[in-house]
Amino acid sequence: QVLMFGSAGIVALTSGVLADRFGRKQPIIIGQIMLGVSYAFLGLATSSLSWLVYLTTQGIAWGFIAVSYFLAVLGDLSSPGGSKERFYVLGGIIPLVMVMSFSGVSDLFNLNAPAGALSSALSILLFVSVIPILRASETLPETKARARRMREYVKKVGKLVQESKKPE
C-alpha cells in the first residue's frame with residue numbers, strides 16, 4: 001500500500017502541472033489507460049512481483065486521475081455565481097457511494113468473481129470509457145492557457161533583453 005500511495009503522490013505533482021499547462025483531459029485519459037493496464041496486471045497477479053507492478057501502476061493511475069478530476073475539473077465546472085462546495089461534495093461523494101454500494105452488494109449476496117474475469121472486464125470498460133472523454137470539451141479555459149503562454153513568452157523575451165545588455 002505504501003508503494004501505491006507513494007507513486008500516486010509523486011505522480012499527482014506531475015499531473016497537476018500537466019493539467020494546468022495542457023488541459024484537464026490528457027491526465028485523465030492517461031490515468032484511465034494506466035488504470036486499465038493495472039487491472040490487466042491484476043489478472044496476471046501470480047507472483048509478488050506482478051502484485052507490486054499492479055499496485056504501482058494503480059497508484060500512478062490514481063495520481064493522474066485524482067488531481068485532474070477532484071481538484072481541477074470539479075472547480076472548472078462549477079458555475080461562477082454558484083457554490084463550488086456543492087460541486088466538490090457531489091463530485092467526491094458520488095464515486096465513493098458507488099464504490100461502497102458495489103462492495104456492500106457483493107458482500108451482502110456473497111458474490112465473488114474470479115480475478116481473471118474481473119480484471120478483463122474492468123480493463124475493457126476502462127479503455128472504452130476513454131471515448132467519451134476524448135469527445136468532451138476541455139474544461140481549462142482558453143484564456144488561461146493563452147495568458148500562461150504569453151507570460152512565458154514575455155519572460156523569455158525579458159531574459160534575452162537582459163542578456164543583450166550585459167557588457168562582454
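Among (1) over 16 Å from the mean Cα position of the chain (by Cα); (2) open to solvent by 60 Å² or more (accessible area, probe 1.4 Å), where does Ser106 come up short?
(2)
If you go through the stretch 39-52 one residue at a time, do you hit one that is part of a helix (DSSP H, G or I), of a type in the set (Phe, Trp, Tyr), modelled with pLDDT under 85 and crowded, with 18+ Cβ neighbours inside 10 Å?
yes
For the stretch 130-156: of the residues being modelled with pLDDT under 80 and polar (S, T, N, Q), which is surrounded by the fewest Cβ atoms within 10 Å (Cβ to Cβ)?
Ser137
Of everything in the stretch 12-36, what is of a type in the set (Lys, Arg) and either in contact with an Asp or Glu (Cβ under 9 Å, 6 or more places away or on another chain) or buried (at least 20 other Cβ atoms within 10 Å of the Cβ) (or both)? Give them in sequence order.
Arg24, Lys25
I want to confirm something. Restricting to the stretch 85-127 and keeping residues that are polar (S, T, N, Q) and in contact (Cβ under 8 Å) with a residue 24 or more places away in the chain, which single residue is nearest to Ser50 (Cα to Cα)?
Ser119
Would you mind stating whether Tyr69 is hydroxyl-bearing (Ser, Thr, Tyr), closer than 19 Å to Pro141 by Cα, assigned to a helix (DSSP H, G or I) and open to solvent by 30 Å² or more (accessible area, probe 1.4 Å)?
Criteria met by Tyr69.
The values are calculated or read from the model by the stated rules, or taken from the named source; none is laboratory data. All of these numbers come straight from a predicted model, not from anything done at the bench. No Cβ is skipped: glycine too gets one built from the backbone with ideal geometry, and neighbour counts run over all protein chains shown. Heads up: the accessible areas ignore ligands, DNA and RNA and are worked out on the full protein's heavy atoms, side chains in. Shrake-Rupley method; radii C 1.70, N 1.55, O 1.52, S 1.80 Å.
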